[in-house]
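Just below is one structure, and these are the notes that go with it.
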Protein chains: 2
Amino acid sequence: MRELTIPIEVNGKEHIYEQIYQYIKKEIIEGSLSEGDRLPSTRALSEHLEVARSTVGLAYDQLLSEGYIESVPYKGYYVCRLEGMLYLEQPETKKEEKKPLRQTVRYDFSPNAVDVSSFPMSVWQKINKEVLSEHYNEILELGDPKGDPGLRRTICQYLHSFRGVKCREEQIIVGAGNDYLLMLLGVILGEGRKLAIENPTYLRAYRIFSSIGYKISAIPLDENGMQVPALRESAADTAYIMPSHQFPTGVIMPIGRRMELLNWANEKEERFLIEDDYDSEFRYRGKPIPSLQSVDKRGRVIYVGTFSKSIAPAIRVSYMVLPQELLERYEKNCSFFSSSVSRIQQNVLAEFIRGGHYERYLNKMRKLYRNKHNQLCRLLEVFEERFEIYGEGAGLHVLLVSKDPLVTEEELVEKANKTGCKVYGLSSYRIEQAIQDWRATVLIGYAGLTEREIEEGVAALKRAWLLEENE
Amino acid sequence: MRELTIPIEVNGKEHIYEQIYQYIKKEIIEGSLSEGDRLPSTRALSEHLEVARSTVGLAYDQLLSEGYIESVPYKGYYVCRLEGMLYLEQPETKKEEKKPLRQTVRYDFSPNAVDVSSFPMSVWQKINKEVLSEHYNEILELGDPKGDPGLRRTICQYLHSFRGVKCREEQIIVGAGNDYLLMLLGVILGEGRKLAIENPTYLRAYRIFSSIGYKISAIPLDENGMQVPALRESAADTAYIMPSHQFPTGVIMPIGRRMELLNWANEKEERFLIEDDYDSEFRYRGKPIPSLQSVDKRGRVIYVGTFSKSIAPAIRVSYMVLPQELLERYEKNCSFFSSSVSRIQQNVLAEFIRGGHYERYLNKMRKLYRNKHNQLCRLLEVFEERFEIYGEGAGLHVLLVSKDPLVTEEELVEKANKTGCKVYGLSSYRIEQAIQDWRATVLIGYAGLTEREIEEGVAALKRAWLLEENE
């Protein structure tokens, strides 16, 4: 047994028991006290240090519970064996975060931006307050893994009325964003699948399914969407499609092609279609086209939609509608996953929809986006000699396709960049950068810009792409 | 070309264009109009039906965009080919939802319950309101995939002060609950891993990693935690452990065992330890034991924690701290995953912590749980003749281990059930139900019960387990 003379600061910042604990711990770590060494009894040490015995007791308890010492009945406290490595405070080297060089983008024509300036924050706030005070405790509990029944019922009704989706609320799974739901869907569908995906596409889905080990076949599009012969040639058992409004091409899949895809899915067991209906809310002509799910008679379609696009990106609420067969697999294998959305947010959202605020907001946004869309299309008329314009009538961007086969996409993007505009080359949405039969194509999104910015931005694009050569 | 005599209800519920559209669609679907049939021109049909030409135009536009008809320049409108399947409204059969028979559980000693009755809802509400009004638009945008920098900074400081975690804020990933983060971690770590997991354990983690295809080795525990020789015998490259307070056994891993595990991880490339620090906030004796991450010098530990346990289950916010090597993989392969937590909630939570409310709430809860814990342990003294009591001093449950080798777990659970108590058998947390060297063991959680319920519940358990035989 060693005598421990611990320098105690009686009025120090640290409690006396803490000082004793830290001292002994340090001695053990540094090897001054080693395996099997016996510590003084609490009585002996307390007398030696002239502190209360209970204070020493506290320090020993802490050392005991962290496993630095052990207590042998009727014998005393002994230092434990510590494996090789030692505990030393050593600040990690701080790695400088690399910040990308900021380019001066004055007009960002991002196809993924949304306009949140009209969001009825005061309504949202009011509902938030009501939900928090009315439900109180219950709302803090975990809740249904699929999502709150009230919200699912509301989504079910909404999908039925607005998208023709036919389902029961028990088929709906609410999740924190599409990325999460696609990961979960990967678990439900099981390992080793082969996924056909439109090319070009929303690369996020491509990346998620690749990251969970799915083999991906990139299927080319024609003016009606995914080419079915190419789908048949691939060994795919699942296809990920955006029939209402393909991103980024803007193709709207006609009923004939939808039927062909459903027939493909019906031909074999274990074939499924994932319908991503990501921005069906924004359509400026005619009435919305019913979902693919609505014409699926045999439970082959998984319908996925989101509020992140239609309300605000920060609202991390998406939903998927599982066909019966997959619902059963979910119940069996995956229902242990806790819901990934806070119940508070689920309740606020349900109330927002039920109270008619969502519909009003959608109508307002549709009008706002339509105005921007029409303004942009009008301003783009001046480009018609050199470009074809595609994808109008829906969504939040249009495509400009160069008529000149010698113009490259990079050239367009770079020239735009020089006049302060950021436009998005179509090739960045391609899965494979192989032979391209498309001419140079750029995406022009408008949702995130004000009408004034759209006007100025298009003027800048004109300088970039039309005037330059005349100067 | 067929003459179409469409019965128009001028003052009907549906707009006239809608009636025309529905009529023609139905004709096509039912085969009365078939592939290649030419429709009357808009002029002809409008004259025939005595409606405005633009009304017919609207109906044709809708049919065009849904792909039922096509327009051939200078010729007119033709019915498209529809693949075999037809669109028919046919309500799906409603499956009755099976509701489990409700048993009359008066005292649910669930080890997973939490007490949310003291949650400072008014503070949360106030911060919510401030956050929504101050940040307004910005907060509706998508934000950083890892989580808001402000929240990550706050978590970083909190983890450093309270758990000794050494990290930079860029190593922190915020996610919607542990389940999500473990799925994401699975993607970061990559396919085909072999995971060692404590047995018994938190089965959720077991299920998640199984569902993403990891091979699982169930490693037995001794009184210091996961047995290292068994870990070495398994071919595992990753181990999932709860060193601060193992669930469900309550084992607190001493420093010696921690070092052994770290040494195991250091011996080979690609070995990692996942430290789940799920309820380290609730410890009733001594000061908290620093995290395993805090003694990891070589970046082998992934630290995972959650606010769902310490604030409320509905707060779906968890976080993980990635070591440098995995951070780089995340940045390279996974940073496209959008954040799964609403920015509103992230900001409210950050403010809740920064304002000191979290610490105050934790102190309050620790006191509240300590009182319940002490009360329960006092009441359980009467069982000491027949049971050993383990796992006190931390967490939200204790274990009762029968001293009688003939008593079975089922017996204990069933008898308790008859007196209105729900207790949880240890075997339901076991990965494999093989040979059990443990005696019949039940978990008694107390967090979800009031002090009065604990008193009444334990009295009921006494009737169930002690008195019966004397009657």
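The values are calculated or read from the model by the stated rules, or taken from the named source; none is laboratory data. Not measured: the values here are computed from a predicted model. As a convention, Cβ positions derive from the backbone with ideal geometry for all residues, glycine included, and neighbour counts pool all protein chains shown. The accessibility values were calculated without ligands, DNA or RNA, using every heavy atom of the protein model including side chains. Shrake-Rupley method; radii C 1.70, N 1.55, O 1.52, S 1.80 Å.
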For A:Val401 and A:Asn137 in one chain, what is 0.36 nm times their gap in residues minus the Cα-Cα distance, to one decimal in nm?
89.4 nm
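Could you compute Rg(Cα) / (2.2 N^0.38 Å) for the protein assembly as shown, with N its residue count?
On the way: Rg = 32.3 Å, N = 942, 2.2 N^0.38 = 29.7 Å.
Here the Cα radius of gyration is 1.09 times the empirical estimate.
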Just to be sure I understand the model, the point goes 7 Å from the Cα along the line to the Cβ. What's the resulting B:Glu233 to B:Ser41 distance in nm?
8.9
If each label sits 7 angstrom from Cα along the C-beta direction, how far apart, in nm, is B:Ser428 from its counterparts in the other copies?
5.2
Along the positive direction of the dipole of the protein assembly as shown (beta-carbon charges: Lys, Arg +1; Asp, Glu -1; about the Cα centre), which of B:Cys377, A:Tyr358, A:Ile274 reaches farthest?
A:Tyr358
To the nearest 20 Debye, how big is the dipole of the protein assembly as shown about its Cα centre, given +1 on the beta carbon of each Lys and Arg and -1 on that of each Asp and Glu?
1000
Roughly speaking, what is the centre-to-centre gap between segment A:314-351 and segment B:198-223 when only Cα atoms are used, to the nearest Å?
24
Compute the helix-to-body angle for B:16-29: its Cα long axis versus the longest principal axis of chain B, expressed 0 to 90° and rounded to tens.
80
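With a 1.4 Å probe and every protein chain kept in, tell me what percent of the accessible surface of segment B:205-269 is carbon plus sulfur. Before the final figure, lay out each step's value.
Details: 980 of 2210 Å².
Solvent-exposed carbon and sulfur of segment B:205-269 make up 45 percent of the total.
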Just how large is the dipole of segment B:390-451 about the Cα centre, in debye to the nearest 20, putting +1 at every Lys and Arg Cβ and -1 at every Asp and Glu Cβ?
100
So how much accessible area does A:Glu14 have, in Å² to the nearest 10, using a 1.4 Å probe?
90
What angle do you read, to the nearest 10 degrees and between 0 and 90, between the alpha-carbon axis of helix B:409-418 and the longest principal axis of chain B?
70
I'd like the mean, over residues of A:394-400, of how many other protein chain beta carbons sit within 10 Å of each residue's own Cβ.
0
Taking a label point 7 Å from Cα toward Cβ, how far is B:Arg329 from its twins in the other copies, in nm, shortest first?
2.6
Residue by residue through A:178-185, how many Cβ atoms from other chains fall within 10 Å of the Cβ on average?
4
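Starting from the residue with the highest accessible area, list A:Lys403, B:Lys25 in decreasing order, probe 1.4 Å. Could the numbers behind the result be given before it?
Values: A:Lys403 85, B:Lys25 15 Å².
In descending accessible area the options line up as A:Lys403, B:Lys25.
If one takes the accessible area of chain B alone plus chain A alone and subtracts that of the pair, with a 1.4 Å probe, what total in Å², rounded to the nearest 100, results?
8200
So if we plug the beta-carbon distance of A:Lys13 and B:Cys377 into 1/(1 + (r/R0)^6) with R0 = 45 Å, what FRET efficiency do we get, rounded to 0.05? The partial results should precede the final answer.
Numbers: r = 34 Å, r/R0 = 0.75.
Calculated transfer efficiency: 0.85.
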Quick check: pseudo-label points 7 Å beyond the Cα along Cα→Cβ at A:Glu325 and B:Gln22, how many nm apart are they?
3.3
Rank these residues by their accessible area, most exposed first, probe 1.4 Å: B:Glu281, A:Glu223.
A:Glu223, B:Glu281
Other-copy label distances relative to B:Ala235, 7 angstrom Cα-Cβ extension, nm
2.4
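Where only protein heavy atoms count, and the probe is 1.4 Å, what is the accessible area per residue for segment B:171-215 in Å²?
Details: 1040 Å² over 45 residues.
The answer is 23 Å² per residue.
What is the extension gain from B:Glu410 to B:Tyr74, computed as 0.36 nm multiplied by their sequence separation minus the C-alpha to C-alpha distance, in nm to one decimal? Could the numbers behind the result be given before it?
Numbers: separation 336, 0.36 × 336 = 120.96 nm, distance 8.14 nm.
Contour length minus Cα-Cα distance gives 112.8 nm.
So for A:Lys75, A:Lys13, A:Lys332, what's the accessible-area order with a 1.4 Å probe, most first? Don't skip to the end; give the middle numbers.
Working: A:Lys75 125, A:Lys13 210, A:Lys332 165 Å².
Final ranking, largest accessible area leading: A:Lys13, A:Lys332, A:Lys75.
Other chains near B:64-74: what is the mean number of their Cβ atoms within 10 Å of each residue's Cβ? Mind showing how you got there, number by number?
Values: counts 3, 10, 11, 12, 3, 2, 2, 0, 0, 0, 0.
Taking all residues of B:64-74 together, the mean is 4.
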Mind checking which chain B residue has its Cβ closest to the axis relating B to A, and how many whole Å off it is?
B:Ala176, 2
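Over chain A, what is the relative contact order in whole percent, taking alpha-carbon pairs under 8 Å and six or more residues apart?
Working: 740 pairs, mean separation 85.8, N = 471.
The value is 18 percent.
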Enter the angle in degrees (range 0 to 90, nearest 10) between the Cα long axis of helix B:178-189 and the first principal axis of the Cα atoms of chain B, meaning the one along which they spread out most.
80
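Counting helices only, and only those DSSP H runs with n ≥ 4, report the 222 nm mean residue ellipticity of chain B as the sum of -39,500 (n - 2.57) divided by its residues, in deg cm²/dmol to the nearest 500. The partial results should precede the final answer.
Details: 14 runs with 170 residues, N = 471.
Theoretical 222 nm ellipticity from helices: -11000 deg cm²/dmol.
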Evaluate the distance, in nm, between pseudo-label points positioned 7 Å from the Cα of A:Glu130 and of A:Ser54 along their respective Cα→Cβ axes.
5.4
Share antiparallel - DSSP beta bridges, chain B, percent rounded to 5
60
Taking the mean number of other Cβ atoms within 10 Å as a proxy for protection, how do you rank A:180-188, B:139-147 from highest to lowest?
A:180-188, B:139-147
